[in-house]
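The values are calculated or read from the model by the stated rules, or taken from the named source; none is laboratory data. Predicted model only: the values in this text are computed from it and were never measured. Cβ coordinates were reconstructed from backbone atoms using ideal geometry, including for glycine residues, and neighbour counts include every protein chain displayed.
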Amino acid sequence: MKSILSKVSLVVIVFGFYAVSGQTLLMPERVFDGETMHEGWVVLVEGNRITYAGAPAGLQEITGTSKIALPDMTLMPGIIEGHSHLLLHPYNETSWNDQVLKESSAERAIRGAVHANKSLMAGITTMRDLGAEGAGYTDVYLKKTIDEGIIPGPRLLVAGPAIVATGAYGPKGFHDGVTVPLGAETASGIDEVIKTVRRQLGNGANFIKVYADYRWTPGAASEPTFLPQELEAMVATASSAGSYVVAHASTPEGMRRAIMAGVETIEHGDGGTSEIFQLMKENGVALCPTLAAGDAIEQYRGWDKEKEEATDRIKAKKRSFSLALKSGVTIVFGGDVGVFAHGENYREMDLMVSYGMNPLDVLKAATSVNASVFHLDKAGKVKKDFLADLIAVKGDPSKDIGVMKEVGFVMKDGKIYKHSE
Ligand SMILES: [Zn+2]
């Protein structure tokens, strides 16, 4: 067994992944099936599907099966990252403005390919990418090259360029005679927002991301951007085309307009009040809190997390997140990774727990809940007929969420991409 496993690791290193033929029986210490923890379960994989998950006794006699022992490990569904930017890298390396203004789409695509691999190695088998941030449809092409097996990476759901109100997005800080490339596509008026939604969907966006509020000038507070009618027109256009809209919003009014217009998720939601979270719950709108983005940005601004007390922004975010938890609104796992390093997606899980969420609920959010919010009906669970997107970590993440930092086994679509002992 030992020698077979080392051979697997070697192949993974040399060729990127190890294609399993026939049946593979995974034998971990326990299985988190996306909802609950089961001691002693085994999982059988055939092709790219799970064909059995349960107690070994329930398994029919099988032959020609390769067995992979995962001692002391918890096997679970691959993580579904709910808010990423594969085309961004940490702002303490290069500011967002400089990434948009100085890095070509070609450079950003190459970086994106590296980020996609890092994400997969961190156990992210699916990612909802929330906007190419000035790189056009590069996210659509990244998705295509991953799907075609050219580069390793998670399954992607992509937003394309995203939509902002005219005048309401950056890079900012130039006089009015200077034309700069923007981090998203602008639109104003009913006709134009309808046209923009259609164009983006036609160019390969899986869903539409809209900025329901933003700062109008550098350093100013966020204010609502689109009129309710414009948001409603975008939602109607997307849903008539079989798609949906998600909204960046952090002000109560921006959030309220987006909720009432019928978006499916609110991104960030920093200024959410009990009343707004209640409205989200009543309307079936989920919250993607992106705790790790704020935590990273405050550190980039000089906050020494280990030595200093929380900044006002962090304190406010903790308060609004606890209001969200109390309200019972559905919470999506999504950290806005790209603002911080790709592959460090676990940072959002750590913060969700330290801001008051139960570890098992965090694991659910990152698997079965995200799958259901993102319309992925065969992902996010360890269950018969579901996709063989499986990862394993040492120890029990429902007792110590910190173990999610070291993902030791990654299978996507039935292929093993990582197996370290
Ligand atoms: Zn984002």
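Looking for something free of Cβ contacts under 8 Å to residues at least 24 places away in the same chain, more than 16 Å from the ligand (Cβ to nearest atom), more than 24 Å from residue 393 (Cβ to Cβ) and hydrophobic (A, V, I, L, M, F, W, C) - is there at least one such residue anywhere in the range 293-312? Looking through the range 293-312, at least one residue is free of Cβ contacts under 8 Å to residues at least 24 places away in the same chain, more than 16 Å from the ligand (Cβ to nearest atom), more than 24 Å from residue 393 (Cβ to Cβ) and hydrophobic (A, V, I, L, M, F, W, C). Quick check on my filter: what residues within the range 94-132 are surrounded by fewer than 24 Cβ atoms within 10 Å (Cβ to Cβ) and of a type outside the set (A, V, I, L, M, F, W, C)? Across the range 94-132, the qualifying residues are 94, 95, 97, 98, 102, 103, 104, 105, 107, 111, 117, 118. Elements of the type strands (runs of 3 or more DSSP E) sitting completely within the range 149-230 and holding at least 1 residues that are touching a Lys or Arg at 6+ places or on another chain (Cβ under 9 Å) and closer than 30 Å to residue 79 by Cβ: these cover 155-158, 163-165, 185-187, 213-215, 222-224.
Being within 16 Å of the ligand (Cβ to nearest atom), in a loop (DSSP other than H, G, I, E, B), among the aliphatic types (A, V, I, L, M) and crowded, with 24+ Cβ neighbours inside 10 Å is a description that applies to residue 263. Return a yes/no flag: does the range 107-127 have any residue that is more than 13 Å from the ligand (Cβ to nearest atom), of a type outside the set (Gly, Ala, Ser), modelled with pLDDT of 95 or more and closer than 27 Å to residue 225 by Cα. No; the residues of the range 107-127 include none that is more than 13 Å from the ligand (Cβ to nearest atom), of a type outside the set (Gly, Ala, Ser), modelled with pLDDT of 95 or more and closer than 27 Å to residue 225 by Cα. Counting only helices (runs of 4 or more DSSP H) that sit completely within the range 319-421, those holding 2 or more residues that are small (Gly, Ala, Ser), under 26 Å from residue 158 (Cβ atoms) and at pLDDT 95 or above correspond to 370-373. Of the candidates 249, 212, 286, the single residue that is closer than 19 Å to residue 327 by Cα, in contact with a His (Cβ under 8 Å, 6 or more places away or on another chain) and among the aliphatic types (A, V, I, L, M) is 249. If you go through the range 356-397 and keep only what is free of Cβ contacts under 8 Å to residues at least 40 places away in the same chain, among the aliphatic types (A, V, I, L, M) and under 21 Å from residue 46 (Cβ atoms), you end up with nothing.
Quick grid of which residues meet (1) out of contact with any Asp or Glu (no Cβ under 7 Å at 6 or more places or on another chain); (2) within 16 Å of the ligand (Cβ to nearest atom); (3) under 18 Å from residue 335 (Cβ atoms):
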{"residue": "65", "(1), (2), (3)": "yes, no, no"}
{"residue": "68", "(1), (2), (3)": "yes, no, no"}
{"residue": "89", "(1), (2), (3)": "yes, yes, yes"}
{"residue": "93", "(1), (2), (3)": "yes, no, yes"}
{"residue": "105", "(1), (2), (3)": "yes, no, no"}
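The residues listed here are 238, 233; of these, the one that is of a type in the set (A, V, I, L, M), away from the ligand (no atom under 16 Å from the Cβ) and within 23 Å of the chain's Cα centre (by Cα) is 238. Taking the criterion of being farther than 21 Å from residue 172 by Cβ and surrounded by fewer than 17 Cβ atoms within 10 Å (Cβ to Cβ), the residues of the range 206-235 that qualify are 227, 228, 229. The residues of the range 236-252 that are in a helix (DSSP H, G or I) and either surrounded by 22 or more Cβ atoms within 10 Å (Cβ to Cβ) or of a type in the set (Val, Ile, Thr) (or both), listed by number, are 237, 238. Within the range 312-332, being surrounded by fewer than 18 Cβ atoms within 10 Å (Cβ to Cβ), in contact with a helix residue (DSSP H, G or I) (Cβ under 8 Å, 6 or more places away or on another chain) and more than 20 Å from residue 259 (Cβ to Cβ) holds for one residue alone: 313.
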